[in-house]
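As structure tokens, the structure follows; a few thoughts come after it.
Values quoted throughout were computed directly from the atomic coordinates according to the rules given, and no laboratory measurement underlies them. Just so it is clear, the model here is predicted, and its values are computed rather than measured. Reconstructed Cβ throughout: ideal geometry from the backbone, glycine too, with neighbour counts over all protein chains shown.
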Amino acid sequence: MAQEQAGTGGITGTIQRAQQGDRAAFEQLYREHVDRVYALCLRIAANAARAEELTQDVFVRLWEALDSFRGESAFSTWLYRLAVNVVLVALRSQRRRAARVFGTDDLSPFDQVESAPKPGMRLDLEHAIAQLPEKARVILVLHDIEGYRHEEIAEMMGVRAGTSKSQLHRARKLMKEALEK
Amino acid sequence: MNCHEMKKYLQDYVDEALTPGRAHAVTQHLESCNACRAEVESLRSLIADLHVLPRATSPARDLWPEIEARLPQLETASARGQNRFVEMINDVAGKLGAFFRPRTLWVWRGALAAAFILLVYVGSLLYVHTVPGAWEVASLEGMPKIGAKVLTGKGLLAMGDWLETDAGSRAQINVGVIGAVEVEPNTRIQLLKAQWTEHRLALEVGTMHAKIWAPPRFFFVNTPSAQAIDLGCAYTLTVDSSGAGFLHVTSGWVAFEREGRESVVPAGARCETRPVIGPGTPYFEDAPDALTAALPRFDFENGGEEALQTILTFARQRDTLTLWNLLARANEAQRVLVYERMVELVPLPANVTRAGVLQLDRKMLERWKDKLEVYWVE
């Protein structure tokens, strides 16, 4: 199984089989990565139902794009970057469809997670993140949780690195205000 | 520096993004300022809490069945490559006529390709002996007219002549020795040039089907809003009473162009054109409905950002055809978005750079197109 770990870089047997259209192999990739992809979608969308839709979109897109993975980076890095792009594109599209509002702060799936040291504090954090303005929320999630650099965020979002930084500062300020209430 | 000035550096200080000199100044200030020190500690605490948030969360239900139901059939890269080669050979052979379709022997296919080249050469010799400046026309149905004269059987269409069909008539024009055009009912079409290096018609209104077996850029059709340039192909072109046009390519390639605005349209793709504006962005006939609905809004109705986002959202690998054509017609900010979506779908080739694409470097765009064409084959 060690050589089958998709997140450790290169093209593993599972990835190769999935690239050749093996759905069982692709399901294995899904099982290995769905929790991480879903968490990302949930934090950015701030809505469980929307996060499920986005997670599905990410894996459908992965199926279409998998052929282009050449093993030049870790598969997990490549996949999560693809996931971020899918989510960002969906958000931009959603923003224009005013009738469809997803930012309703339905974060119940985070209630089930018990791994954090301070569950009460963690849930407060999740709700504070969900209440942030969309752009600030996306940048805070990408920078402070997912670990992307401002230059990478700027490239993904089509903004300048300075904009990413100022939005991050704004997001942290709003977070602190919300948590101090 | 006072506290007010210092506060704007605190987040960068926490992120270790300050120059050493400025970081040192902040450190010194913190030693004597309780308020700023508390601010820094509060920020560090927040960031530390965010860092330990779980990065994985299970969805409440298994999403796999729905995902699996949405997965399209995959075609592997090698299969695509093989199919592309077969199609290329078929294209060459197709230009020799339907009854010369290749079967299975590679030798036979090679011979057909050689025959094509010979045909073009011999055709060029024969052509100078046909009626100069005129093409043969045949009535297929009803009573088409050349000028005011009703065409019965066969006739000649001279340069400057108009061929017109009514609701009950159709005709076929032999384009010198390089192809044929079938003219549908309610069509008005004019022969502009009948020269070996330039075969040019003007389609004012109606529908025509062209099958051309010449090398690229020998056959042209002007419409009120764009000209179709044959790149070795078969296609249908329609122009309505407003001058708007619609191109559907069934084999090979067509370039649709007006005043420097060009769309490159391969087999299986369509492209609209509008007066004043020119050709829109091409799209595959099997493209998602949302994408094809958004394209005219982007191309012709100032749909801008909103329409573009929809296009990007629904684009598949195959729709990099649309995105590649969009690069040149998007503004700088939009071009970045198009580029990002494209590299997500298909990585850049080694000899193409982001900066080159965003600057619309012609050679780089062509190199990328060469790679993308694998995905554009039906």
remark   = Spelling it out for B:GLY232: with amide H atoms placed in the peptide plane at 1.01 Å from N, the residues 5 or more places away or on another chain with amide H under 5 Å from its amide H are B:ARG217, B:TRP253
B:VAL276/B:TRP162 FRET efficiency (R0 30 Å; Cβ-Cβ; nearest 0.05) = 0.80
query = Just the C-alpha atoms of segment B:132-195: what Rg/Rh do they give, with Rh taken as the Kirkwood radius?
reply = 0.93
key: Rh by Kirkwood over Cα pairs, then Stokes-Einstein D for segment B:121-268 at 1.002 mPa s and 20 °C, µm²/s   = 142
remark   = Per residue convex hull volume, Cα only, segment A:133-181, in Å³ is 57
request  = Return the whole-Å distance between the Cα centroid of segment B:270-289 and the Cα centroid of segment A:145-178.
outcome  = 37
ask   = How big is the C-alpha Rg of segment B:272-314 next to the rule-of-thumb value 2.2 N^0.38 Å, as a ratio?
value = 1.08
task = For segment B:200-286, run through the GluC sites (Glu not before Pro) and keep only the ones in DSSP coil with at most 16 other Cβ atoms within 10 Å of their Cβ.
result = B:GLU259, B:GLU285
request  = Starting at the first residue of segment B:236-251, write each ³J(HN,Hα) from the Karplus equation 6.51 cos²θ - 1.76 cosθ + 1.60 with θ = phi - 60°, in whole Hz, x for Gly and Pro.
outcome  = 10, 10, 10, 10, 8, 5, 7, x, 6, x, 9, 10, 10, 8, 10, 7
Radius 14 Å from Cβ of B:ILE229, net charge of other residues (Lys, Arg +1; Asp, Glu -1) = 0
remark   = Rounded to whole Å, √(5λ) for the Cα gyration tensor eigenvalues of segment B:223-378, largest first, gives 23, 17, 15
request  = Give me the distance between the Cα centres of segment A:50-85 and segment B:23-76, rounded to whole Å.
outcome  = 20
request  = Hey, can you grab everything whose amide H is under 5 Å from the amide H of B:GLY176? Only 5+ residues off in sequence or another chain; H modelled, so Pro and N-termini drop out.
outcome  = B:GLU136
query = For segment A:5-81, how big is Rg over Rh, using alpha carbon atoms and the Kirkwood form of Rh?
reply = 0.97
ask   = Counting other C-beta atoms within 10 Å, which of B:SER241, A:SER166, B:SER263 has the fewest, and how do the rest follow?
value = B:SER241, A:SER166, B:SER263
